[in-house]
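Here's the structure we're looking at; comments come further down.
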Amino acid sequence: MLNHTDLSRYKGKSGDIDLKTLNWGNYDLVVIDESHNFRNNPQYKDKTTRYQRLMNEIIKSGVKTKVLMLSATPVNNKMTDIKNQIALITEEHDDALTHIGINSIDSTLRTAQKVFNEWSKLDAEERTTENFTNKVNTDYFKLLDTLTIARSRKHILKYYDDKEIGTFPTKLEPENVRSEIDIKNEFPSIKEIDAIINNLNLSVYSPVKYILPNKIQEYTEILDQEVKGGTSTFTQLDRDTNIVHLMRTSLLKRLESSIYSFKKTVQKTLNKINYCLTLTTNSVNYVSGIDEDLLDSEEEYEEYSFGQNKTKTIKLQDMDLIRWKKDLETDKQQLEELLKDAEQITAQRDQKLHNLKQKIDEKINNPINKDNKKIIIFTTYANTAEYLYDNLHKEIKEKYNLNTALVTGGHKNKTTMKKVSANDINDVLLNFSPKSKEREKIEPEKTEEIDILIATDCISEGQNLQDCDYLINYDIHWNPVRIIQRFGRIDRIGSANKEIQLVNFWPDLELDEYIDLKERVENRMVMVNVSATGDENLLDKNKKHELEYRRKQLQQLQDQVIELEDISGGISITDLTFNDFKIELMEYKDKNEKELEKTPNGTYSIVKIPSELENELQKGVIFLLKETKTTNQENPLSPYYLTYITEDKTVEYNYTQSKKIMDYYKKLCSGKTEVYQDLVQIFNKETRNGIKMDKYSELLRLAIENTQGKTEEVGVKSLFRRGPTTRTKKDINGLENYELITFLILM
């Protein structure tokens, strides 16, 4: 087993594997856990990324390689997130799925993204999964249904036997903690700090703004980048502007995380400013680059860099140094004042840290599950995690004789438990969750455990830590999906805990104030609308809709522990495939195979429209046809066609909305075992016991016409005869290509 990050290394060891001698092209099956880590494919001029190495040295090279990818969030922010993951399966062949009627994978995903963009503009109450699935292109359904197997928590609870696989623990209502920054309440509020940050020039990150007019063209030729196939240009000024916004956002997010992290970031920015101020006009070059350790992740840099080198060289002699220095000095003055105020907030005055200690005491003294004192504390930033460890581990050891560990993904991991290799994350986690990780089989001699784990999101994925029953988000990650992923470490099948608890620490703001602040920051931060994918800047165009969308998401986080598929306004792959239907049908077939074999074509049923669907459905018929000669590759259920047509001859849904029809079919029929005798009597009277079917023949003719796009004049009545469809030489316009499998009459 290898790690994603091993693809970035060319020597050293990964466990017992020597990376220098590893033959990457020798694998005929590659299983990629947390495959969404490969949803981006950044392009650098002087760097081979993990994605490119995976593609070129493993999948395309050596033996023929099959790929199996596992992910809870294959689609995160965009429908096109799966494009690069699919490319790992198809070896980047855009036409790899022509055999199922998808001529271009890229075009299919772009079309779905356009639908998503339009859907995202809707008011919050209209931005429903159902509304999206009604609009999205059928090829997208087919693409997902062909390449994915979707399983959600709800799906597992419904279709799997908990006696065999175990049960999920009960999720208690989340606790929300709001903290001031300063116990003495002397430090400026978050809103005041935001105003100060917004006024910063941060010119240290945007030297290109100060290039002399007569030198701009020279740098344009070197630094600017064509995007959208050469139809637009992403300039270095665009890039610098976005880096400035990113740095502003980083300052605010770090303040939200901890006063300590904020101080470290302000000091680092000041150091960079002071260095630039010491440069003289005799210097040859100025090298400007984004500080990678100020970012949440490598992906965050990639999102804002568009694949350029992380540094750029500008000659000082080509800059307006007077104006640049003036702006640097203005920033320096404001940042020094901020730092002076922040340095007054020691750990003793840190209100948020004080509140965290209270929650730890409460949990240890009043376990949710008997004798379980384990706690995970998540934070976005490594220096916040280090700060918490430094101010908690001694007190916890002295007060409760419990061990604490720090895991940040770097080389600064620590633990108070002896005989544990702190820099080996797996060893730390083994001793934090010994039951779920079966420590007794690996280190049976150990009896001591780690009870308090402080970590960054380096362990938010792919870890079974369900020995723990209490998880604290010390800061709220601005992507709600990350919060759900964190809680997923303890919300797992087979947990020995009956109940689990989530605790969220929020800034001391009302929810609407927080949403408004977050929305304004993100609007300043988003990229100019020239991305290589051509995606629109939805935040900028739809502030009103987006604000309500974000408010609903974060309100959900406060009120309940939500699943990925339940995020307000979110779309899950489970909503876009036929997996649930297939499983239910397979189970039914296994139990009723002989009866199904005896059932002739043309069988019909009659169902009553329930009161809860009266506003959605009208009297009519759902026809199921089978195409016998040719296949319509646009149809996701080919060669079968579903059409719902009302008594007034309106085709409400046709084969392009098969999932919608099947959803209704399920609501109308699932669990119904008794015949509606009163409806059968009405039908028999109306049709003279099924002899006079003119009304339904006409509806069928219109359904076929809608399906085929042609007028069918003859042969319709023959389709109602049980057994194989009667065909004659008089049949025209392709009617002979269909058999009526069954129809459902809605009354």
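The values are calculated or read from the model by the stated rules, or taken from the named source; none is laboratory data. These figures come from a predicted structure and were not determined experimentally. All Cβ positions, glycine included, derive from the backbone under ideal geometry; neighbour counts span all protein chains shown.
Here Y160 clears all of (1) closer than 27 Å to Q485 by Cβ; (2) surrounded by 17 or more Cβ atoms within 10 Å (Cβ to Cβ) except the condition numbered (2).
For A385, the criteria (1) surrounded by 15 or more Cβ atoms within 10 Å (Cβ to Cβ); (2) farther than 21 Å from Y470 by Cβ; (3) in contact (Cβ under 8 Å) with a residue 12 or more places away in the chain hold in every case but one, which is (2). Where strands (runs of 3 or more DSSP E) fall wholly inside the range 170-242, the ranges with 1 or more residues that are modelled with pLDDT of 90 or more, among the hydrophobic types (A, V, I, L, M, F, W, C) and surrounded by fewer than 18 Cβ atoms within 10 Å (Cβ to Cβ) are 175-179. Scanning the range 594-621 for residues that are in contact with a helix residue (DSSP H, G or I) (Cβ under 8 Å, 6 or more places away or on another chain) and charged (D, E, K, R) turns up K608, E616. For the range 79-92, the condition of being loosely packed, with under 14 Cβ neighbours inside 10 Å and either of a type in the set (A, V, I, L, M, F, W, C) or out of contact with any helix residue (DSSP H, G or I) (no Cβ under 7 Å at 6 or more places or on another chain) (or both) holds for none of the residues.
Any residue that is part of a helix (DSSP H, G or I) and either at pLDDT below 90 or assigned by TED's automatic domain parsing to the domain that holds G462 (or both) - is there at least one of those in the range 70-80? Walk me through how you get there before you give the answer.
Just the residues of the range 70-80 that are part of a helix (DSSP H, G or I), to begin with: 79-80.
With either at pLDDT below 90 or assigned by TED's automatic domain parsing to the domain that holds G462 (or both) added as a condition, the list becomes 79-80.
So far as the range 70-80 goes, yes, one or more of its residues are part of a helix (DSSP H, G or I) and either at pLDDT below 90 or assigned by TED's automatic domain parsing to the domain that holds G462 (or both).
S152 meets all of the listed conditions (1) under 21 Å from the mean Cα position of the chain (by Cα); (2) under 30 Å from Q351 (Cβ atoms) but one, namely (2).
Taking the conditions (1) touching a helix residue (DSSP H, G or I) at 6+ places or on another chain (Cβ under 6 Å); (2) outside any helix (DSSP H, G or I); (3) not basic (K, R) in turn, Q113 satisfies each one other than (2).
Of all residue pairs spaced 6 or more apart or on separate chains, those with beta-carbon atoms under 7 Å, a first member in the range 174-199 that is over 28 Å from Q556 (Cβ atoms) and a second member that is in a loop (DSSP other than H, G, I, E, B) are D182/I345; F187/I181; F187/I345. Does the range 315-322 include one or more residues that are modelled with pLDDT of 60 or more and in a loop (DSSP other than H, G, I, E, B)? Yes, some residue in the range 315-322 is modelled with pLDDT of 60 or more and in a loop (DSSP other than H, G, I, E, B). Of the numbered criteria (1) farther than 30 Å from K78 by Cβ; (2) without any contact (Cβ under 8 Å) to a residue 60 or more places away in the chain; (3) touching an Asp or Glu at 6+ places or on another chain (Cβ under 8 Å), the one D648 fails is (3). Residues in the range 1-17 that are surrounded by fewer than 10 Cβ atoms within 10 Å (Cβ to Cβ) and in contact with a Gly (Cβ under 9 Å, 6 or more places away or on another chain): M1 only. So which residues in the range 637-693 are within 30 Å of I100 (Cα to Cα) and over 44 Å from the mean Cα position of the chain (by Cα), if there are any at all? Once the filter is applied, which keeps residues that are within 30 Å of I100 (Cα to Cα) and over 44 Å from the mean Cα position of the chain (by Cα), the range 637-693 yields nothing. Within the range 350-371, the set of residues being more than 18 Å from K399 (Cβ to Cβ) and in a helix (DSSP H, G or I) comprises Q351, K352.
Does the range 481-499 include one or more residues that are touching a Lys or Arg at 6+ places or on another chain (Cβ under 6 Å) and modelled with pLDDT of 80 or more? No: zero hits. Modelled with pLDDT under 90 and surrounded by 21 or more Cβ atoms within 10 Å (Cβ to Cβ): is that true of S261 in this structure? Against the criterion (modelled with pLDDT under 90 and surrounded by 21 or more Cβ atoms within 10 Å (Cβ to Cβ)), S261 does not qualify.
How many residues, within the range 18-69, are in a loop (DSSP other than H, G, I, E, B), among the acidic types (D, E) and either surrounded by 15 or more Cβ atoms within 10 Å (Cβ to Cβ) or in contact with a helix residue (DSSP H, G or I) (Cβ under 9 Å, 6 or more places away or on another chain) (or both)?
Of the residues in that region, 1 qualify.
Return the only residue of I442, I476, I425, I459 being touching a residue at least 60 places away in the same chain (Cβ under 8 Å) and in the same structural domain as L557 (by TED's automatic domain parsing). It would help to see each step written out before you state the result.
Numbers: I442 fails: touching a residue at least 60 places away in the same chain (Cβ under 8 Å); I425 fails: touching a residue at least 60 places away in the same chain (Cβ under 8 Å); I459 fails: touching a residue at least 60 places away in the same chain (Cβ under 8 Å).
None of the others qualify; the one that does is I476.
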